[in-house]
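Since the structure comes first, as structure tokens, the remarks are kept for the end.
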Amino acid sequence: MASSIRVRATTSGETTEVQALIQHPMDSGFVKDAKGELIPAHFITQLTFEHDGKKVFAADWGGGVSKDPYVKFSFKGAKKGDELKIGWIDNKGATDTTTAKIQ
Amino acid sequence: MGMSDVRFSATRRLILQGAGAVALVGLGNLPFGLTPALAAANDKYPEDAFKAKSEADAIKALYGKSPEPSDKVKMDAPEIAENGAVVPISVSTTLADVTSIAFLVSENPVALVASYKIPAGTVPGVANRIKMARTSNVIVVVEAGGKLYSATKEVKVTVGGCGG
């Protein structure tokens, strides 16, 4: 199954820049559909990035994060070829994980 | 590091309450998906902060105190967002010992949009895309050295992004 997570992690030597794009509806629970009925809340609540067994970035998200969320950050201490482990969980309990090689 | 220790013990105190929330999101019965290590690395989801309507209540629920405005918190946000469903906003700061960064939109039905944990070794900055129901102040809160600092900017929204 194709992962919902697309990650690009590139290191310049000292810092590693991470960009992640996740496929998810991120329904806030405040939007009505064409029939005027509320679309139930369905959004990622937590997202984590791990390098070498250590959490390097973590997000707590609400329904106010845009559909197909994008996030960018940088961290220190990784080198080319290292693995970055990414995982999310949503308010319905669905999850996905992926591992990206740092380039 | 003193602050993060305090935060950890606070997290432990919340474990009992947290257990309910974890069951709610189904972490307890995952056959695959998040590895235990990754799940265990997650802190408790700040449910109450994400229920608060106003940014003041959300900040209080999240941190238990109020921020002071600081020009060391730099927010990059558009003057005008044509599409409120996707508003790119980033923040960076020259403050030291940053442990978390939060994004809030005053006029959204739920003010808190995102809260990021910044461990030691991670650059204190983040870029993301948020929804805005209408023209509103966007507030960024940076927790650094146990204190809260904020930057506020009004973003005009042409078409709201919350179907409001």
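Going Cα to Cα from residue A:92, which aspartates and glutamates come in below 16 Å? Please leave out same-chain ones fewer than 8 positions away.
Answer for residue A:92, where 16 Å is the Cα cut-off: A:27, A:60, B:47, listed by chain and number.
For the stretch B:51-164, what is the charge dipole size about the Cα centre, in debye to the nearest 20, if Lys and Arg each add +1 at the Cβ and Asp and Glu each add -1 at the Cβ?
Here the stretch B:51-164 has a charge dipole of around 260 debye.
Could you tell me which of the pairs A:35/B:44; A:55/B:153; B:117/B:156 are separated by over 32 angstrom between their Cα atoms in the structure shown? Numbers along the way, then the final one.
Working: A:35/B:44 36 Å; A:55/B:153 30 Å; B:117/B:156 28 Å.
Result: A:35/B:44 exceed 32 Å.
For the stretch A:90-95, just list the computed ³J(HN,Hα) in residue order, Karplus coefficients 6.51, -1.76 and 1.60, θ = phi - 60°, integers in Hz, with x standing in for Gly and Pro.
These are the phi-based 3J(HN,Hα) values: 10, 5, 9, x, 6, 9 Hz.
Would you please give the residues with an amide H less than 5 Å from that of residue A:92, counting only those at least 5 places away or on a separate chain, with H modeled from the backbone geometry?
Amide H to amide H, under 5 Å and 5 or more residues apart or across chains, residue A:92 pairs with A:43.
If amide hydrogens are placed 1.01 Å from N in the peptide plane, which non-local residues have theirs closer than 5 Å to the one on residue A:82?
Result for residue A:82 returns A:102.
Using the Karplus curve 6.51 cos²θ - 1.76 cosθ + 1.60 with θ = phi - 60°, work out ³J(HN,Hα) for each residue of the stretch B:103-115 in order, rounded to whole Hz, and write x for Gly and Pro.
With the stated coefficients, the stretch B:103-115 comes to 10, 9, 10, 4, 8, 6, x, 10, 5, 6, 9, 8, 9 Hz.
Provide the per-residue ³J(HN,Hα) series for the stretch A:36-47, in order, calculated from phi with Karplus coefficients 6.51, -1.76, 1.60 and θ = phi - 60°, each as a whole number of Hz, with x at glycine and proline positions.
With coefficients 6.51, -1.76 and 1.60, one gets x, 9, 5, 7, x, 4, 7, 8, 5, 9, 9, 9 Hz.
Readers should treat all values here as calculations from the given coordinates under stated rules, not as data from a laboratory. As the structure is a computational prediction, the values presented were derived from the model and not from experiment. Note: ideal-geometry Cβ built from the backbone for every residue, glycine included; neighbour counts use all protein chains shown.
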